[in-house]
Number of protein chains: 2
Amino acid sequence: MLFGGIEAGGTKFICAVGSGPDDLRATVRIPTTSPDETIERSIDFFHQQQTIHGRLAAMGIASFGPIDLRIDSPSYGFITTTPKPGWANTDFANRISRSLEIPVGFDTDVNAAALAEWRWGAGRGLGAVLYLTVGTGIGGGALVDGQPLHGLLHPEMGHIRIPHDRERDPYPGACPYHGDCLEGLACGPALEQRWGQPASRLPVDHPTWALEAEYLSLALVNFTCTLSPERIILGGGVLEQRQLFPLIHHRLRELLADYVQSPRTTSELDKYVVPPGLGKDSGVLGAIALAQRAANAEVG
Amino acid sequence: MLFGGIEAGGTKFICAVGSGPDDLRATVRIPTTSPDETIERSIDFFHQQQTIHGRLAAMGIASFGPIDLRIDSPSYGFITTTPKPGWANTDFANRISRSLEIPVGFDTDVNAAALAEWRWGAGRGLGAVLYLTVGTGIGGGALVDGQPLHGLLHPEMGHIRIPHDRERDPYPGACPYHGDCLEGLACGPALEQRWGQPASRLPVDHPTWALEAEYLSLALVNFTCTLSPERIILGGGVLEQRQLFPLIHHRLRELLADYVQSPRTTSELDKYVVPPGLGKDSGVLGAIALAQRAANAEVG
């Protein structure tokens, strides 16, 4: 059985057909313009793929948010209150489902990435997994016993508040809602604004990395104490700076101060906080995993 | 069917026999001394109750922690690394189970309280509920689709880090591990140390309440963004100061800044952050609820 997946991001859609990390038959990138244009181009791609591979069993959408995940809501499957121009209140899942006449699984990009990592990557078989992405924004998805955490709406982990020492770091924060929340202090654009150049151009011993490790470690303390995950997977553009990992392992251990007494949170932090096992494919593979769930739900 | 429940706290054990909030047949308080003495006195109570009411169907234990909840662990059912003298590495659940020859449900005091509130109290029927207690310490329990959140060990929500403005509040924090973590800043003993007298003696317009509301609101922002609960239930001795609730509703709304767009997190915060529906009985009723689950699991 083959599945379709859309990783719907604010700058591009990645559409793929396949059944898992070793079986991605076709992938395409579509720039995110208007909802009509972007969604229609995605649908065209899947129609075309069906002429080659035959009928897809289901579609999965791993979407930027906020989105409506409440099955009984009239706007289920919509992108809701995004500030992204033109995209507020966009019917997404239902439109895909109607056009392709196919069941659709729908969740946040980060919940989907957590699902893919749990299924095939660095979180394989664990009971509780957190996936955190640090890039243009910061977002987190959590899986508990294989089920994505939703709740009232869905988590918005980038917007937790953490200690901010303004003497060490006078930067006021980039978040238009909260100023110096986690995303405001530690997302890619915050690094660029703080230093006047893209963080990727800063040398590996630049003070930005210790500061970034400080903020991410404070956030990981909070996620550890709140969710008690068995593993934390850190993805996104900023974490491609792999020098951050040992800095985070060191600082997180200091901050936890051996209070949570597990090897994972003391001596084996390098097994607790890890890069994605699926590299940059966590998101689109998460969409494929959502499609597989939708197909299984359909069958019964 | 009747059940036994133990709410095991650091200063007292509350033991009860019953089947729910309208049917608590007997309750006893036992001071927490040594594990041997305290657990034996609890067992004696339940033996005695069985001569009156007949055989109990199961026992539930809602325990202070940290505790081992991993079913496949050799120390499952133990209190593990507590600093409480004499109680580290105490076999608790197995001892109760052997002595009474009965199935035992075992979880943290706060997960059990969340369970009771979900079953009979302020969280009835909701998909995701957070119970936070603020007293001698601070702890949180979360229920997702009726299942207590465990993960690697279990949450330790009192130990998240939040912004601490040392100009407004120079108090360094009471936590021996982390200094000014949430518990360090906002637990009952921190209030007493900060002002030199028990908080319950301070007038309702004393600045401690605005400061306490600030810290608890910052914490609730973080729990909201991480867990996305449908309701947050605030219990414990400090929250008996009911003037805190409107202060928290006001400040939490300011801090969330309408980013999480749900009535619960904007205009209806008084339905989002609420006192326990079961009052001070959440814990011991949680133990009864754990017993009912253990009995059901036994039956299959």
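The values are calculated or read from the model by the stated rules, or taken from the named source; none is laboratory data. Predicted model, so just to flag it, every value in this text is computed and none were measured. Using ideal geometry, Cβ is built from the backbone for each residue, glycine included, and neighbour counts are taken over all protein chains shown. In case anyone asks, the SASA skips ligands and DNA or RNA and just uses the protein heavy atoms, side chains included. Shrake-Rupley method; radii C 1.70, N 1.55, O 1.52, S 1.80 Å.
Summary of computed values
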| quantity | calculated |
| --- | --- |
| Considering residues of region B:164-190 that are assigned to a helix (DSSP H, G or I) and aliphatic (A, V, I, L, M) only, the residue farthest from the other protein chains (Cβ to nearest Cβ) | B:A190 |
| Selection within region A:114-144 - buried (at least 24 other Cβ atoms within 10 Å of the Cβ), facing chain B (nearest Cβ under 10 Å) and more than 12 Å from the chain's Cα centre (by Cα) | A:V129 |
| Exclusive hit being within 23 Å of A:V134 (Cβ to Cβ) and among the aliphatic types (A, V, I, L, M), set A:I30, A:I71, A:I79, A:I52 | A:I79 |
| Answer residue from region B:260-279, given it is part of a helix (DSSP H, G or I) and free of Cβ contacts under 8 Å to residues at least 24 places away in the same chain and is farthest from the other protein chains (Cβ to nearest Cβ) among those | B:G279 |
| Qualifying residue in region A:98-109 (condition: without any contact (Cβ under 8 Å) to a residue 60 or more places away in the chain and within 12 Å of another protein chain (Cβ to nearest Cβ)) | yes |
| Residues being at the interface with chain B (Cβ under 8 Å from one of its Cβ atoms) and either assigned to a helix (DSSP H, G or I) or buried (at least 24 other Cβ atoms within 10 Å of the Cβ) (or both) - total across region A:229-257 | 2 |
| Residue satisfying condition, being farther than 16 Å from B:S42 by Cα, modelled with pLDDT of 95 or more and open to solvent by less than 50 Å² (accessible area, probe 1.4 Å), within set B:I67, B:I96, B:I102 | B:I67 |
| Residues satisfying the stated conditions in region A:191-216, i.e. under 18 Å from A:P246 (Cα atoms), open to solvent by less than 80 Å² (accessible area, probe 1.4 Å) and not in a helix (DSSP H, G or I) | A:L202, A:P203, A:H206 |
| Output for region A:254-300, where each listed residue is farther than 19 Å from A:L56 by Cβ and basic (K, R) | A:R264, A:K271, A:K280 |
| Candidate set: region A:145-163, residues that are touching a residue at least 24 places away in the same chain (Cβ under 8 Å) and open to solvent by 20 Å² or more (accessible area, probe 1.4 Å); chosen: the one farthest from the other protein chains (Cβ to nearest Cβ) | A:P148 |
| Verdict on B:K280 being open to solvent by 40 Å² or more (accessible area, probe 1.4 Å) and more than 27 Å from A:T81 (Cβ to Cβ) | yes |
| Identity of the residue in region B:195-228, over 30 Å from B:L149 (Cα atoms) and touching a helix residue (DSSP H, G or I) at 6+ places or on another chain (Cβ under 7 Å), that ends up nearest to the other protein chains (Cβ to nearest Cβ) | B:A210 |
| Checklist (1) over 22 Å from B:S200 (Cβ atoms); (2) open to solvent by 20 Å² or more (accessible area, probe 1.4 Å); (3) not in a helix (DSSP H, G or I) applied to B:N296, failing item | (3) |
| Contacts under 6 angstrom Cβ, first residue in region A:40-58 being under 14 Å from A:S19 (Cα atoms), partner modelled with pLDDT under 95, 6 or more apart | A:A57/A:M1 |
| Residue selected from region B:74-97 under the condition in contact with a strand residue (DSSP E or B) (Cβ under 9 Å, 6 or more places away or on another chain) and on the phi > 0 side of the Ramachandran plot, by the criterion nearest to the other protein chains (Cβ to nearest Cβ) | B:N89 |
| Selection status of A:G60, touching a helix residue (DSSP H, G or I) at 6+ places or on another chain (Cβ under 9 Å) and assigned to a strand (DSSP E or B) | yes |
